Every structure is written in C-alpha cells, then in structure tokens.
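Notes follow the structure.
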Amino acid sequence: MKRILVTGGAGFIGSHLCERLLADGNDVICLDNFFTGSKDNIRHLLDDNHFELVRHDITKEYFAEVDQIYNLACPASPPHYQYNAIKTIKTSVLGVLHMLGLARRCNATILQASTSEVYGDPKVHPQTEDYWGNVNPIGVRSCYDEGKRCAETLMMDYHRQNNVDTRIVRIFNTYGPKMAVNDGRVVSNFIIQALQNKDLTIYGDGSQTRSFCYVSDLVEGLVRMMNNGQNFIGPVNLGNPCERSILDFAKYIIELTNSNSKIVFKELPQDDPVQRKPDITLAKKELDWEPVVDIKEGLMKTIEYFSSKLKEVQ
Ligand code: NAD
Ligand code: UDP
C-alpha cells in the first residue's frame, strides 16, 4: 500500500485515477480547489477509510507525507483555462514548484500531467516526443501551453539538479464519463448538443483533426508510467492514435445518438491546432501500453453518462 496524492483529483481524469488507485489498495489524498472539478465525481469515495479529500489550491504550498504524487491540477478545457489566464499559468508553474518541493522533501515519485499542447500547432505529424513543438508564446492558448512547457522544464531541472524521481506524460485529447456538463470541449459539447437536438457547433470548417482516447486507457497509462521505474522518466505520449476530422466526429455523434441535430459552423478560435495525432511507439515499447477501448464503445458510455446528467438537471 502506498500513500498517494492526486492533485486535481475531483476533476474528470483525476476522479477516475482516484478510483483506480483505491481499487489497487492504496491510500489516496485527493486535493482540489473545485474550480472545474466537482464533489459529485468523488462523492462515492468519501466513505472509504483509505480516501481523504482536501480542499486546497496548489498555487499555495501543501505539506503531507506521501510516496507518490500525480500532479493533475489545472483546468484543461480552453474556455476554462482562458477564463482566468493568469491563474492558469500560476497553477501550472507555482503548482508544480510546490509539488516538486513536496516530492523532494518526501522522496516521493512525481508524475506531471503534461499535454499534447506542448506541440502547439504541430508541423510534425503524428507527434513524436522528440519534436519541440510550434507554440505561440503570446496567444490566448499560451497560458496553458507555455505553463505546461515550463512545468516540464521544472520537472527536468529538479530531476537533474536535485535528483527528484520524476515522470512526464503528454496526454492527448481524452474523453469519458465525469466530464463536466459545462466543460466546453468538443466531446462534451457535441454529445450534449446532440442529446438536446440542438445544432452541433463546429469551429472553423471542421477539417482540423483530433485523436480521442477513452479515460480508462489513459488512467492505465498514467499508473504504468508512475510505477515503471527510474530507467524511463519520459516525456511519453499517452493517447489514442485513431485520428478523425472534427466534421466527421460531429456526424458520428449525431449517428450514435440518433439525433435530429444539424451542424452549424462558427468562427475558428485563435491558434486552434490544425492536426493532432500521437505517435505512441515509445509508450508501447517502454510501458507495454496501448489503448484498448474502441471509440464506439467509449462514446456510448459517455453518451449514457451525459444522458443521465441531463435528466438530473431537468
Ligand atoms: P479537469 O478540469 O476536469 O480537472 C482539473 C482539476 O484540477 C479540477 O478538479 C480542478 O478543480 C482542479 N484544479 C484546477 N486548478 C487548481 C488549483 N490551482 N489547485 C487545485 N486544484 C485545481 O481536467 P481534466 O481533463 O481532468 O485534466 C486533468 C489534467 O490532465 C490537467 O492537468 C490537464 O492539463 C491534463 N490533460 C488533460 C487532457 C484531456 O484531454 N482531458 C489532455 C491533456 C492534458
Ligand atoms: N471544437 C468545435 N466545437 C466545439 C468545441 C470544440 O468544433 O463545440 C473544436 C475546437 O475548435 C478544436 C477541436 O474541436 O479544433 C477540439 O477542441 P477541444 O476544446 O475539445 O480540445 P483542444 O482544442 O484543446 O484539442
């Protein structure tokens, strides 16, 4: 049994990770400021003696005795991370500094949730970990992209300078139950719009591509990376390479939900990446990991979840 801190543990991915770590027999501290996370995501864990919930903001120091830290705290959806851009970059930079300080004091292993956004609007396709990216440092996405890039830098500097046991994963678009209804990312927007027979809002002409990974696959990758040993510290891409255009994705959601929705086209946000697909050769080789959940299966579970969420609010 390990004592494990999950920052952002009440969020979408964090709550699935807390469930998984408890099921594996660990003691889990879930730390969250509830900016985008929700108690609903972890309410069912509150009676478990091995689970502890802490309301805290990682831009402030936090002390505990732990063996492992998964640093997931950070809003991940563009409307949420742009809502208070300065706070977002503080969360990434000050947050990781505080968690690295904690890891150093406790001699804990720390895993940083980085992102495919470190590749920006990528000129290399599919994206490999040795690609340095094409990021606008002064655009509306920079608070997130550059915050995460700086967090990676700090992870590597603490590793080289202070011997902290670090792991970096670059997460690609992940979806599944427990995403917030107001999340604003494409999967939740399209499913909710389709379930309500409202127009699906495509930003731009829909030719941009993304590759969607189901959350249980991602969580498996996180746990493998954390427990993989010091010979491979990353960065490693975690995502599902099945790439599709946003227009095709919209049509597929309409089909899966049997919806009467139409598609409408809205303005493309600034710096929206044109294409994105992970090269997961490294994850396969080093972690023996690859996604196993088929997109239809994953989307049906997600549609079921949003359908029951919408009934709750009716
Ligand atoms: P999410 O918004 O659902 O979860 C983030 C959680 O962090 C929320 O519970 C939020 O309340 C909490 N949080 C935010 N700022 C905080 C702060 N200052 N102090 C404490 N808690 C704070 O997003 P998610 O999709 O679950 O993403 C989790 C992590 O994975 C993030 O770091 C994100 O950047 C990364 N990631 C996610 C994806 C994806 O597709 N879901 C892709 C790439 C990277
Ligand atoms: N998108 C869209 N309609 C929406 C939400 C998003 O067309 O209602 C597009 C968005 O412009 C982007 C893609 O879908 O090209 C994925 O967006 P998301 O916010 O999910 O993630 P990210 O851009 O961070 O990959």
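Solvent-accessible area per residue in the chain equals 45 Å², computed with a 1.4 angstrom probe and all protein chains kept.
Rg then Dmax, both in Å and based on the Cα atoms of region 22-90: 13.5, 38. Cα gyration tensor of the chain, axes a ≥ b ≥ c as square roots of the eigenvalues: rounded (a/c below 1.5), prolate (a/b > b/c) or oblate? Since a/c reaches 1.5 and a/b is larger than b/c, the shape of the chain is classed as prolate. Given in Å, the Rg to one decimal and the Dmax to the nearest whole number for the Cα atoms of region 200-314 are 17.0, 52. Taking all protein chains as shown and a probe of 1.4 angstrom, residue 247 keeps an accessible surface of around 50 Å². Entry for region 142-247 at q = 0.13, 0.22 Å⁻¹: log10 I(q)/I(0) = -0.64, -1.25, Debye formula applied to identical alpha-carbon scatterers, no solvent contribution. Give me the lysines in straight-line cross-link reach of residue 87: C-alpha distance below 21 Å, same-chain residues under 8 apart excluded. Candidates past the 8-residue exclusion: 60, 148.
Calculated over region 106-198, the projected area of the Cα convex hull averaged across directions stands at 8.5 nm².
Across 234, 25, 101, mean-square fluctuation computed from a Gaussian network of the chain (C-alpha pairs under 10 Å connected) peaks at 25.
Can you return the aspartates and glutamates within cross-link range of residue 266? Criterion is Cα-Cα under 15 Å, with same-chain partners fewer than 8 residues away left out. Correct list for residue 266: 199, 205. Think of it as helices only: each DSSP H run of n ≥ 4 in the chain is worth -39500 (n - 2.57), and spread over all residues that comes to -12500 deg cm²/dmol at 222 nm.
Among the listed pairs 178/311; 198/277; 2/301; 262/311, a Cα-Cα separation exceeding 20 Å is found for 198/277; 2/301; 262/311.
The values are calculated or read from the model by the stated rules, or taken from the named source; none is laboratory data. Treat the numbers as computed from the prediction; the structure is a model and nothing was measured. Ligands, DNA and RNA are stripped out before the accessible areas are found, and what is left, the full protein with its side chains, is counted by its heavy atoms. Shrake-Rupley method; radii C 1.70, N 1.55, O 1.52, S 1.80 Å.
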